[in-house]
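Written out below as structure tokens is the structure these notes cover.
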Amino acid sequence: MKKNIPTDFSILRKKAEEYLAKYPNPDDLNYSKDDIIRKLHELQIYRIELEMLNDELIIQIDEKEKLATELIATNEELANQNEEKAKRASELVLANKELAFQNDEKAKRASELVLANKELVFQNTEKAKRDIELQNNNEELKHLNKYFINRELKMIELKQEINELLLKAGQEKKY
């Protein structure tokens, strides 16, 4: 989703035109139709890339605005906490206990993630082994397929030879 970001585009355009003035005038250059088409295609790609980058920047700006809002709310909360210092002392003790609990939980989760990563490494190793087995089986099947095709072609060749021999012997074709 695109968002209108207030910017002085006239300054930006002026800078771009000054920068462009350093380069030769396109009217003075002898570009072929193919060159022009390639350049146009490249410009279109650059435009799309810039649009994609702009979209990403907008997302990042939105995230920064959300963080700024959260920081403002946190600062307001800190101001209230400073005003109520006596009440806050007991809340901080409880908060420290909660943080210690959360740190313990994070440590447990980190251990779980280490185990999960080891399992993923094992699974990836097994997958790689299976891939190699499948590739080997595939090669073997290709070899067998080639063998059987050659065998069938030889059978057709032999049948044709038998038919020719039967015809030479004055008999009717068998195949």
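The values are calculated or read from the model by the stated rules, or taken from the named source; none is laboratory data. Because the structure is predicted, anything quoted here is derived from the model rather than measured. Quick reminder, even Gly has a Cβ in these numbers, built from the backbone with ideal geometry, and neighbours come from all protein chains shown.
Worth pointing out:
Yes or no, residue by residue, for (1) surrounded by fewer than 10 Cβ atoms within 10 Å (Cβ to Cβ); (2) more than 47 Å from the chain's Cα centre (by Cα); (3) assigned to a helix (DSSP H, G or I):
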site: LEU67; (1), (2), (3): no, no, yes
site: PHE122; (1), (2), (3): no, no, yes
site: GLU152; (1), (2), (3): no, no, yes
site: LEU166; (1), (2), (3): no, yes, yes
site: GLU172; (1), (2), (3): yes, yes, no
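- The residues of the stretch 34-57 that are among the charged types (D, E, K, R) and at pLDDT below 90, listed by number, are ASP35, LYS39.
- Residue that is β-branched (Val, Ile, Thr) and loosely packed, with under 10 Cβ neighbours inside 10 Å, where the choices are ILE11, ILE61, ILE48, ILE37: ILE11
- Condition check for ALA86: among the small types (Gly, Ala, Ser), at pLDDT 95 or above and part of a helix (DSSP H, G or I): no
- In the stretch 38-54, the residues that are of a type outside the set (A, V, I, L, M, F, W, C) reach residues that are surrounded by 10 or more Cβ atoms within 10 Å (Cβ to Cβ) and not in a helix (DSSP H, G or I) with C-beta atoms within less than 9 angstrom, at least six apart or across chains, in these pairs: LYS39/TYR31.
- Residue within the stretch 135-150 that is under 28 Å from the mean Cα position of the chain (by Cα), part of a helix (DSSP H, G or I) and not aromatic (Phe, Trp, Tyr) present: yes
- Whenever a residue of the stretch 78-94 is surrounded by 10 or more Cβ atoms within 10 Å (Cβ to Cβ) and hydrophobic (A, V, I, L, M, F, W, C), it has no partner that is in a helix (DSSP H, G or I) and modelled with pLDDT of 80 or more lying with C-beta atoms less than 7 angstrom away and at least six residues away or across chains.
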